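The values are calculated or read from the model by the stated rules, or taken from the named source; none is laboratory data. Only a predicted model underlies this, so the values are computations on that prediction, with no experimental measurement involved. With ideal geometry, Cβ positions are generated from the backbone for all residues, glycine too; neighbour counts draw on all protein chains shown. In case anyone asks, the SASA skips ligands and DNA or RNA and just uses the protein heavy atoms, side chains included. Shrake-Rupley method; radii C 1.70, N 1.55, O 1.52, S 1.80 Å.
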Amino acid sequence: MALEAGVDGLVVSNHGGRQVDHAIASLDALVKIRDRVGPDPTILFDSGIRTGADVFLALALGADTCLLGRPHLYGLALAGAAGVTQVIENVVAELDLTMGLVGAATIADITRDLLAPR
């Protein structure tokens, strides 16, 4: 319905999730939504991203990008703007490391196939 109305993208988030705890995990919702809407619509994932490994997992499961919530606030509280910069650099560095460990040379190479079989 949202896509038919012309939205530019979708945000998958667990904000307000406390009211329906355990209804569906955010990553499970991400997979179902990506499978339903197909590869073209932009999907942003905003649900507990704390590390580069979290970003990797969300990208592999169908997100086009991730929103970084609390970690940058921790950096801001500890060291101001320099702390925010350091947090973002650390998340990107961990994403780069995770990609290297699984053999993904580019963001486009991050797919569900790289995840361990379940």
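Remarks
- Single unsatisfied condition, Ile33 versus (1) under 30 Å from Gly6 (Cβ atoms); (2) open to solvent by 20 Å² or more (accessible area, probe 1.4 Å); (3) not in a helix (DSSP H, G or I): (3)
- Checking the stated criteria, Leu68 turns out to be closer than 21 Å to Ser13 by Cα, part of a loop (DSSP other than H, G, I, E, B), at pLDDT below 95 and aliphatic (A, V, I, L, M).
- Odd one out for Ala25, checked against (1) in contact (Cβ under 8 Å) with a residue 12 or more places away in the chain; (2) surrounded by fewer than 17 Cβ atoms within 10 Å (Cβ to Cβ); (3) within 19 Å of Ala116 (Cα to Cα): (1)
- The set of residues in segment 34-67 being touching a residue at least 12 places away in the same chain (Cβ under 8 Å) and out of contact with any strand residue (DSSP E or B) (no Cβ under 9 Å at 6 or more places or on another chain) consists of Asp35, Gly48, Arg50, Thr51, Gly52, Ala53, Phe56, Leu57, Ala60.
- Positions within segment 70-81 being surrounded by 14 or more Cβ atoms within 10 Å (Cβ to Cβ) and either touching a strand residue (DSSP E or B) at 6+ places or on another chain (Cβ under 7 Å) or of a type outside the set (Gly, Ala, Ser) (or both), in sequence order: Pro71, His72, Leu76
- Subset tally (residues that are farther than 14 Å from Thr51 by Cα and open to solvent by 80 Å² or more (accessible area, probe 1.4 Å)) for segment 82-115: 6
- All conditions in (1) open to solvent by 20 Å² or more (accessible area, probe 1.4 Å); (2) closer than 18 Å to Val7 by Cβ hold for Phe45, with the sole exception of (1).
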